[in-house]
Structures are given as structure tokens and as C-alpha cells.
1. Inside the range 174-194, can you point out the residues that are over 20 Å from residue 273 (Cβ atoms) and open to solvent by 10 Å² or more (accessible area, probe 1.4 Å)?
2. Filtering the range 146-166 down to residues that are part of a strand (DSSP E or B) and hydrophobic (A, V, I, L, M, F, W, C), which residue is farthest from residue 254 (Cα to Cα)?
3. Could you tell me whether the range 144-154 includes any residue that is in contact with a Phe, Trp or Tyr (Cβ under 7 Å, 6 or more places away or on another chain) and either at pLDDT below 95 or not small (Gly, Ala, Ser) (or both)?
4. Given the criteria in contact with a Phe, Trp or Tyr (Cβ under 7 Å, 6 or more places away or on another chain), open to solvent by 60 Å² or more (accessible area, probe 1.4 Å) and at pLDDT 90 or above, does residue 157 qualify?
5. How about the range 167-200: which of its residues are within 19 Å of residue 238 (Cβ to Cβ) and assigned to a strand (DSSP E or B)?
6. Specify the residue that is most open to solvent (accessible area, probe 1.4 Å); the eligible residues are those in the range 64-81 that are farther than 16 Å from residue 16 by Cβ and in contact with a Cys (Cβ under 8 Å, 6 or more places away or on another chain).
7. Do you know which of the residues in the range 108-143 that are touching a Pro at 6+ places or on another chain (Cβ under 8 Å) and at pLDDT 60 or above is farthest from residue 166 (Cα to Cα)?
8. So which of 88, 100, 94 ends up being at pLDDT below 75, within 22 Å of residue 41 (Cβ to Cβ) and not assigned by the TED database to the domain that holds residue 282?
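The values are calculated or read from the model by the stated rules, or taken from the named source; none is laboratory data. The shown structure was predicted, so the numbers you read here are calculated from the model rather than taken from an experiment. Counting neighbours? That spans all protein chains shown, and the Cβs are built from the backbone with ideal geometry, glycine included. With ligands, DNA and RNA removed, areas are computed over all heavy atoms of the protein, side chains included. Shrake-Rupley method; radii C 1.70, N 1.55, O 1.52, S 1.80 Å.
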Amino acid sequence: LYHVLCVGDCQLQTSCRIQKCTTDFVSLTSHLNSALEGFDLEFCKALRAYSACTYRNSKVCRGNLVYHSAVLGISDLMSQRNCSKDGPTSSTNPELSHDPCNYSGHTEARKHQGEEKTPPPTTYLFCGLFGDPHLRTFKDRFQTCKVEGAWPLVDNNYLSVQVTNVPVVPGSSATATNKITIIFKSYQDCTDQKVYQAVTDDLPAAFVDGTTSGGDGNTKSLQIVEKVSGKYVEMHARYIGTTVYIRQLGHYLTLAIRMPQELVMAYEESQDLQLCVNGCPSSERIDDSGHLPLPVMGQLLPQSGAAHPWSVYTLETATTKCHEKMLVKDIYFYSCVFDLLTTGDANFTAAAHSALQDVEALHPRKEHWHIFPSSGGGGLGKGSKVFVGIGLVCFILVAFL
């Protein structure tokens, strides 16, 4: 009797293909972004395809709880998205559903082209620039640099990002970003070349040609999304699986980017000067073997009685100010302290906080979000630790050159 029951149950589970229906639905929707135009149209098409798949399996799955949960879930989602039950459906045929202008679909397409081995999942890398300026490279190394003037952050076969940095305060070598130029290079039939440029107090929600997207159709392969007017924009380039965030905080700009590793590394030898890839040249580094020399404030040396005229912060008040925004004393916290002591501009606190938020939104590995100065973790190499603890800072105070 046991064997009879087992065989019957196993045949039922084998015949019911609800998991395949669900997998196809996830594949059809994983690349969609609810912030972009055309999301509802494509999501509803995928839902109808999901519903049709469950209907085809209704008889063999009638005793399967996962099947019944899926049917109820589809109904709820259709109501939430106002999807009609009748209408076009997404094709679940991999060859037909492959979108050449959707980078996340490239790997899926390769799986169905007769390859014996399943290709590895896409590895994404993160780079960010903010503050005075502080650079987090694609290798998760953290540096603080001068790099005054125009410098390339990214320069590969698909994308170029250039930043221009200007001095922040008189007598200091610290700089901050007041201009960002991005070139999305033309790519097959997905987009023509598009150029974006932002400068202080002019953060447009369009490319320089006045358009807001590249590519044709409802699911545009390249699009700008304005999040906060004049203060925060996002760029989504589906065809190269790349996302860029640009913000203005105070008088300066910040940038964060996520890009597939294989595209990041697609560059010629002549393009090797990329801050996001190789970091800043040693001659442009402000930090000394990773340790930032904090400016000497009046409170720290009370005998001198001379605080920099542009700063109203001491080490204690800067620490308190930064702790209001960032509870975790990671490298972003200490960069905030450094920037306040250097400039006296409270907007740099918001810049450090937003930079960490961008890491949490774009960095693919949660365990690497926070870089702690004493641990050397998060992919930091030797000599890339940026600070000892705040208690040791007093012992390494150096006049900021």
C-alpha cells in the first residue's frame, strides 16, 4: 500500500509543472523596473502568460497547494495592477522572448543556445564618488583624492563618465565635484549615442539633445528618471545592465554607478586611466596610506586659538553632527567628519549619508556595504584603510596641506 501511494503521489508531483510556470514568470519580470515607462504593460502581459500556464496545468495540479497559492496570487496581482484577463501575453519561448536590448536577458538566452554548461550569473560592480572627494572603486577600495580638474571615472567600450573637481576652500587641496559628463555610446539597434551633462545648480532630467530616453517602443533601453527636481536623477541603461545615480547636495554633485563586470573590463590599454577601475594616482591621493590627516581645529589645539575661518566645527561637534545621520561608524561616517572639519559645510553630511544609501541600493553584496577602517574588510587592500578609530585621530593630526 505504501508503494502504491508513493507512486501515485510522485506521478502527480511530476506531472504538475507549476514550478516551471513560476520560473517563467520570474524570468519575464526580473528585468522590469516599476519606475520606468511601460512597466504595467509588460507586467500584465507576463501575468496573463503566468495565468495561461496555470490553466494548462489545472487538472494535473488540482491537489497541489503551491498551484492553488499561485492562482490566488495571480488574481491578486491582476487586481492590484488593473490587468485585464484578456490581452497579449509574453512569450515563454526563450528564443522568442529574448530581448537583445535587455542585458539581464543575455545570460538567459545563452542558456538555451545548446550550451552544455550553464553560464555563471552576472557579476555587478559598484563605484561611487562624493564629498571632498571620496572614491569607492569597483574593487571596493576607498580613497580620498585631490584630482582637481577633469578626470575619467569610467571609460570603456560602452560608457564614459568624466567628473570635474574644483577646490572647496582657500588654502586646502581638497576638491569636490561640480560637473559630470556621461556618454552612453551607441549600441546596435538599442540606442544612438546619448550625452548627459550636469553642473552645479543645473541637474537636468534629459540628455543634451533634449530627449529623456534612447531606443524605441514602450520598453526603452535607456531612460532618465527624475526623482527630485533639480536634485536627484537616475539613469537606467537596460541594454548594458547599468544604473547611474546623480545627486546635488549643497553646491556639489555625487555619483554612484552599478555595471556588469564584463562590461567594466571591456576597454583598451589607452583607457586605463579610470578612477573607478584603478583608483587615483598616488600623486593625487590626500590620504596617507589610507589615513586621512584631519585639519587642525582651534579646540584641538586651544593654545593656538586659531581655527580655520571657514569651519565652525571641532572634532567633537563634527562627530556629533555626523552621528545624527549615520549610526554606524564606518568609512562613510569618518569621511563625513573629515569633510565637516575641512569645509564647515553641513551639506557634506547629507552627501556622505546619501552615498551610503546609494551603496545600499546598488551594491550587489550586502556584506560589503559597510567598510570599517580597522578591519580591512570589504575588499580593501593593504594600505587602503582610511582612518584608525576616532580615539586615535588625535595622535595622527597633521596640518591639512
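1. 178, 186, 187, 188, 189, 192, 193, 194
2. First, pick out the residues of the range 146-166 that are part of a strand (DSSP E or B): 149-155, 159-166.
Applying the additional criterion that residues be hydrophobic (A, V, I, L, M, F, W, C) yields 150-151, 153-154, 159, 161, 163, 166.
On the way: 150: 15, 151: 14, 153: 12, 154: 15, 159: 18, 161: 12, 163: 10, 166: 13 Å.
Only one residue fits best here, namely 159.
3. Just the residues of the range 144-154 that are in contact with a Phe, Trp or Tyr (Cβ under 7 Å, 6 or more places away or on another chain), to begin with: none.
No, the range 144-154 contains no residue that is in contact with a Phe, Trp or Tyr (Cβ under 7 Å, 6 or more places away or on another chain) and either at pLDDT below 95 or not small (Gly, Ala, Ser) (or both).
4. Details: in contact with a Phe, Trp or Tyr (Cβ under 7 Å, 6 or more places away or on another chain): yes; open to solvent by 60 Å² or more (accessible area, probe 1.4 Å): yes; at pLDDT 90 or above: yes.
The answer is yes for residue 157.
5. Going through the range 167-200, the residues within 19 Å of residue 238 (Cβ to Cβ) turn out to be 182-196.
The answer is 182, 183, 184, 187, 191, 194, 195, 196.
6. This residue is 81.
7. Quick first cut of the range 108-143, residues touching a Pro at 6+ places or on another chain (Cβ under 8 Å) only: 108-112, 122-126.
Right, trim to at pLDDT 60 or above and you get 122-126.
On the way: 122: 36, 123: 34, 124: 30, 125: 27, 126: 24 Å.
Once the filter is applied, the top-ranked residue is 122.
8. Numbers: 88 fails: at pLDDT below 75; 100 fails: at pLDDT below 75.
Every option except 94 fails the conditions.
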